[in-house]
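A short worksheet on the structure shown next.
The values are calculated or read from the model by the stated rules, or taken from the named source; none is laboratory data. Note that the structure is predicted; figures quoted are calculated from it, not measured. Using ideal geometry, Cβ is built from the backbone for each residue, glycine included, and neighbour counts are taken over all protein chains shown.
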Amino acid sequence: MQPTGSGFANSGVESGDLMRRIPQTGLRARIPGRTEINAKWRKDRAVFPAASGHFGQRDPEFLQQRPRQRRGGGQGCRGGRALPVYSLTGPISFKPSRSTTRPLTGFLRILPGEAFRPAISFSSPLRPLPTSPVPRLPFAWSSGKPPTSGREAVGGAKMAEEPLVKRTPVPASAESQKPRLKKAQEFPILEKQNWLIHLHYIRKDYEACKAVIKEQLQETQGLCEYAIYVQALIFRLEGNIQESLELFQTCAVLSPQCADNLKQVARSLFLLGKHKAAIEVYNEAAKLNQKDWEICHNVGVCYIYLKQFSKAQDQLHNALHLNRHDLTYIMLGKIHLLEGDLDKAIEIYKKAVEFSPENTELLTTLGLLYLQLGIYQKAFEHLGNALTYDPTNYKAILAAGSMMQTHGDFDVALTKYRVVACAVPESPPLWNNIGMCFFGKKKYVAAISCLKRANYLAPFDWKILYNLGLVHLTMQQYASAFHFLSAAINLQPKMGELYMLLAVALTNLEDPENAKRAYAEAARLDKCKPLVNLNYAVLLYKQGEKEGALAQYQEMERSVRLLRDSGSLEFDSEMVEMAQKLGAALQVGEALVWTKPVKDAKSKHRTTSTSKAAGVQQPLGSNQALGQAMSSAAAHRKLPSGAGGTSQLTKPPSLPLEPEPTAEAHPAEASAQIREKQE
Amino acid sequence: MAAASSSDSDSGRAESNEASSKWLDAHYDPMANIHTFSSCLALADLHGDGEYKLVVGDLGPGGQHPRLKVLKGPTVLTESPLPALPAAAATFLMEQHEPRTPALALASGPCVYVYKNLRPYFKFSLPQLPPNPLEQELWNQAKEDWIDPLTLKEMLEGIREKAEVPLSVQSLRFLQLELSEMEAFVSQHKSKSIKRQTVITTMTTLKKNLADEDAVSCLVLGTENKELLVLDPEAFTILAKMSLPSVPVFLEVSGQFDVEFRLAAACRNGNVYILRRDSKHPKYCIELSAQPVGLVRVLKVLVVGSTQESLHGFTHKGKKLWTVQMPAAILTMNLLEQRSRGLQAVMAGLANGEVRIYHDKALLNVIRTPDAVTSLCFGRYGREDNTLIMTTRGGGLIIKILKRTAVFVEAGGVAGPPPAQAMKLSVPRKTRLYVDQTLREREAGTAMHRTFQTDLYLLRLRAARAYVQALESSLNPVSVTAREPLKLHAVVQGLGPTFKLTLHLQNTSTARPILGLLVCFLYNEVLYALPRAFFKVPLLVPGLSYPLETFVESLSDKGISDIIKVLVLREGQSAPLLSAHINMPMSEGLAAA
């Protein structure tokens, strides 16, 4: 007895840790992105009115995003969000259709007149050209003040002269005027108002911009390349990608040596989803301008969409070599994530953060990646940095809050969530987390309220249903718990833990037959869950099926051994205690299986924990306390039986045994759960 | 959302409300009719009388009537029309002579108009660009009639495809012509020499050899053909020429031309290039990945506003220092220099009608204006040292004077939690009833569960029974038997007492037509009358929907409605294939009468 006793005494530290671990194994990999995507969709819908022209263009991007996320499937983390690419000139939007690829050479052959005229049609006829391109000066030269120096005299003479020369004399007849007028005709400078067009454009004053463009094009008969260029940019911003493409092609005809035009043609092609064609045009542009990071970057992005990741990587590295940009880092990190290479992605993001330490998006993503790998200290560090620069960053707050929750800092987490609640009040993960915070604080009614709100916002999210089931089990509302859990199972039929919880609910609803079936299903789905087997064994024992109980007990021992061999797993003291009691009752007497591994595990844990971040185990206190409080509640009823001895065990343990493991499961599952959820 | 809330918080702290405002409202005229850019605003003591005037290169409403306006106090002193839209205005000292009245330079098209004492003084025109020699040669040949227009066109097209030097307007226009027009065009224009002219896009001033406040300055011009020119202040000769990879939009200069200077040029390709005295080409390059909307140098930091609603700080070597997000798009930027306190800060006019003043990353002040500010200028105006001049999108003019007691402090720093953190969470409340129900569930959970399960089974059983019954009696509107796959739906139109009942019958089989079907209506003959209650259905071709129309007369005047049953039968078979119950609407015609 002595060794076991000591084992319990010290295992206090681990118990909390175990609680966190239990659910992690199955959950961590899968959960991240999903809810987030839903949430994001919801958010986007709410924010961008679909009808408005300006935002409308973003929709195709999101349309494209969704399938991509799905494809990513298992490794859904990457912040749950495909990062949009912005070009120099305008926001990107994707179109899912990539069916028709136009022959690329086609546009280069278009004659300028043909190419341009259909693109813009002017309602008003062309204005007559001004007879004097250098009109009269704003001031009359005062003859009384002759210029002082010779140089000025020259200038002055010029200024004074011009109006005289240009002013055509009043004609006697129309015939005599015509030839003279033609002779005097001067061509306007094509680029005369380019600066004005540009200034309007960068101020996003598109109406004024279009007016100037129209005027300029009329005056130059469609030869002003920059006007067409900006018109095309505006078209693209307005979502008329095809029109913009045609205009850019016109520009490329007007000045074939300009790489910029080709880049824009390629960009429009890219936005139309014709990635291969875009790459070809980019290569064409690269011939004219070798050292352009933008070309390399965009070609890389095209390759990403074509799923040629190695080529994409090459191009993006080239881009980084030429000039470093956050965007390139993000895309490169995304490739690694798509390939499922977390470590490389982290490397890239680390470099990116080094390069631009204040980019909250980079910081958040890096933090989430660390979180995914379980390197909590670093994750917290980066998320904290992100919050320093942007204290209202939704993703960072949720992630950091969940970490606080894991460590039991429920109040701090709640304070942080308030910020999100103000900014994104309709986020299901947020309300789920808030609910679990209240759960941690043992405010069960509030917890249920929040979880129900989360469930209302995302009715098909099984994780919220799972948490609801858990809370209702704690509240001993087994009938409600049954409904939530069975709803969760309908949405996620592959989770052993759900069946186990369902079995616990059923047991309490005095339906042992179905409970057994649920346990069997749980054991089938989760091969290495000692908790499932233990609970099952207890149930069978209570039902008097000793052989079955024994089989489950042995199964549990097997999985315990497996787990112990596979890594530094610690076991919950409550579970160990229960297992020992059951072992004694079944007269297996195999306490050795437990005592040793516990010690081992503990020593291992100690060594690792000292080397590991202090944050991992230090704030465990409250969580552990919670766990203890709950189990003590259970133990309160259990005591007489446990002390009694083996012979008396038959009846009494039956009832109390049941709720207890679940009670342990709650905080653990809950907290881990939450953590996964918001990523 | 997040941005908005943070902006509220920032402005909440830095807000200039009436009492504690740092600014005196000197003048506001929403109808001043001034439409211009920051680059076309200049403050100078034009007459040398110590009274600073405001020079505005006004584009006029819609860019139609460009004017040069000189304002003294709130009133327009002089106003004269301009030949073309002004791209930039600058005041500079041309020479050392007394009285030291600054000259005014106005860049417009290919020319710089220089005024002294508000009188025209000199016009500088950009030199003509050298034409393409090949092109010149071609036109010369055309002049001698050695080549016909078609050959000329082909050759010119060849030049356009390859050549480094772009073609002149004349050639471009020629290339656009139809075959028939070419002859006339050539004969009309062949004698003219080929010209290529460029225009000025931006202009600024650079001290010549002294750093003093009132030292002689050179004009620095940015041109459309991607060049920077430095002009001699006296002789107006080109002192230096530098080339850029793109067209400059904004210029920022520091240093002296004869000693050492740094020139930053924000360009149309989204990059900022930094040049030094001895470099003909850019020494450093800042790639913004967005268009710059403003460029201001504050001491040693280059502040660039980008179209992504952010301000970026860069060193003179192009290293990024910081980024600040704005709540709205930046429209214009300029420098605020409070000499008495040695403060330099950046002002940014935003699309949401705010003017924000930043010292590095720190927000110093927010001015709210009734309209979005499109141009800004700060300096000595009249006899007041620190005057802020703003013009708005609608053409208004706002003049504010900085209080002499005003001290800009960094408003509480960036730290501190957002105010949203102090707000209470709106956790939904639960009612007493809920608690009671909870307690009840605890006590009688098992019973509830069992009742529920029993009822659920009963429900399922009943549903299954009803389904089977429906299948058996062909009560469903879709028949899925192998021989007669049919679909039926019915529409009732009209207000009554006569309704039109349309049955849509569709053969859903892939290939087989159906023949020999009958339709029968069952109805209460007291309430309704149908012309034919029983008729044959024509042959049903697969896939098509056959509308079968019949009229129904409602006989009752009591506003009663009933069900009409439609049965689809096969000849010689008593059990219907399909049936539908049509809930007839109430006859409104009778009810109303």
ask   = Residue check: is A:L223 of a type in the set (A, V, I, L, M, F, W, C), under 21 Å from B:E157 (Cβ atoms) and at the interface with chain B (Cβ under 9 Å from one of its Cβ atoms)?
value = yes
query = Would the stretch A:443-451 turn up any residue that is in contact with a Ser or Thr (Cβ under 7 Å, 6 or more places away or on another chain) and either modelled with pLDDT under 90 or under 27 Å from A:L539 (Cβ atoms) (or both)?
reply = yes
query = List, please: which pairs have Cβ atoms under 8 Å, are six or more places apart or on different chains, and start with a residue in the stretch A:330-344 that is farther than 22 Å from A:S356 by Cβ and end with one that is part of a helix (DSSP H, G or I) and of a type in the set (A, V, I, L, M, F, W, C)?
reply = A:L338/A:I304; A:L338/A:F309; A:E339/A:F309
note = the stretch A:474-525: helices (runs of 4 or more DSSP H) wholly inside it with 1 or more residues that are within 11 Å of chain B (Cβ to nearest Cβ), out of contact with any helix residue (DSSP H, G or I) (no Cβ under 7 Å at 6 or more places or on another chain) and free of Cβ contacts under 8 Å to residues at least 40 places away in the same chain are A:478-491
query = Filter the stretch B:300-313 for residues that are free of Cβ contacts under 8 Å to residues at least 24 places away in the same chain and within 18 Å of A:H198 (Cα to Cα); which is farthest from the other protein chains (Cβ to nearest Cβ)?
reply = B:E309
Conditions (1) surrounded by fewer than 22 Cβ atoms within 10 Å (Cβ to Cβ); (2) within 14 Å of chain A (Cβ to nearest Cβ); (3) outside any loop (DSSP other than H, G, I, E, B): number failed by B:L251 = (1)
Verdict on B:A529 being in contact with an Asp or Glu (Cβ under 9 Å, 6 or more places away or on another chain), closer than 26 Å to B:S556 by Cβ and surrounded by 14 or more Cβ atoms within 10 Å (Cβ to Cβ) = yes
inquiry  = Only one of B:F236, B:F250, B:F185 is assigned by the TED database to the domain that holds B:W139 and of a type in the set (F, W, Y). Can you tell me which?
reply    = B:F185
inquiry  = If A:A252 satisfies all but one of (1) in contact (Cβ under 8 Å) with a residue 60 or more places away in the chain; (2) within 13 Å of chain B (Cβ to nearest Cβ); (3) surrounded by fewer than 24 Cβ atoms within 10 Å (Cβ to Cβ), what's the number of the condition it fails?
reply    = (3)
remark   = Selection from the stretch B:569-586 of residues under 30 Å from B:S556 (Cβ atoms), in contact with a Lys or Arg (Cβ under 9 Å, 6 or more places away or on another chain) and not in a strand (DSSP E or B) yields B:P576
query = So A:A399 fits all but one of (1) of a type outside the set (K, R); (2) surrounded by fewer than 22 Cβ atoms within 10 Å (Cβ to Cβ); (3) touching a residue at least 60 places away in the same chain (Cβ under 8 Å); (4) closer than 27 Å to B:S310 by Cβ; what number is the exception?
reply = (2)
ask   = Looking only at the stretch B:530-556, which residues are assigned to a loop (DSSP other than H, G, I, E, B) and either in contact with a Gly (Cβ under 9 Å, 6 or more places away or on another chain) or free of Cβ contacts under 8 Å to residues at least 40 places away in the same chain (or both)?
value = B:L530, B:P531, B:R532, B:A533, B:P538, B:L539, B:V541, B:G543, B:L544, B:S556
ask   = Which one of these is without any contact (Cβ under 8 Å) to a residue 60 or more places away in the chain, in contact with a His (Cβ under 7 Å, 6 or more places away or on another chain), in a strand (DSSP E or B) and among the basic types (K, R): B:R297, B:R262?
value = B:R262
Members of the stretch B:71-90 found to be more than 12 Å from chain A (Cβ to nearest Cβ) and buried (at least 21 other Cβ atoms within 10 Å of the Cβ), listed by number = B:L71, B:A89, B:A90
query = What number of residues within the stretch B:204-243 satisfy the criterion of being in contact with a Cys (Cβ under 6 Å, 6 or more places away or on another chain) and either free of Cβ contacts under 8 Å to residues at least 12 places away in the same chain or not in a strand (DSSP E or B) (or both)?
reply = 2
message = Can you find, within the stretch B:542-593, the residue that is surrounded by the fewest Cβ atoms within 10 Å (Cβ to Cβ) among those that are within 13 Å of B:L518 (Cβ to Cβ) and among the hydroxyl-bearing types (S, T, Y)?
response = B:S574
inquiry  = Suppose we filter B:L501, B:L486, B:L505 for residues that are buried (at least 16 other Cβ atoms within 10 Å of the Cβ), at pLDDT 90 or above and touching a strand residue (DSSP E or B) at 6+ places or on another chain (Cβ under 6 Å); which single one remains?
reply    = B:L501
Long-range neighbours under 9 Å by Cβ, at least six apart or interchain, first residue over 25 Å from B:V253 (Cα atoms) and more than 8 Å from chain A (Cβ to nearest Cβ) within the stretch B:322-336, second buried (at least 24 other Cβ atoms within 10 Å of the Cβ) and among the small types (G, A, S) = B:M326/B:G305; B:M326/B:A348
Every residue from the stretch A:257-280 that is within 14 Å of chain B (Cβ to nearest Cβ), part of a helix (DSSP H, G or I) and either crowded, with 24+ Cβ neighbours inside 10 Å or polar (S, T, N, Q) (or both) = A:N261, A:L262, A:K263, A:Q264, A:R267
inquiry  = For the stretch B:517-526, check the following and say yes or no: at least one residue is in a loop (DSSP other than H, G, I, E, B) and touching a helix residue (DSSP H, G or I) at 6+ places or on another chain (Cβ under 9 Å).
reply    = no
message = Anything in the stretch A:530-558 that is closer than 26 Å to A:Q492 by Cβ, buried (at least 22 other Cβ atoms within 10 Å of the Cβ) and of a type outside the set (A, V, I, L, M, F, W, C)? List them, or say none.
response = A:P530, A:N533, A:N535, A:Y536, A:Q552
request  = Kindly state which helices (runs of 4 or more DSSP H) lie completely within the stretch B:106-201 and contain at least 1 residues that are of a type outside the set (S, T, N, Q) and within 12 Å of another protein chain (Cβ to nearest Cβ).
outcome  = B:149-162, B:169-175, B:179-189
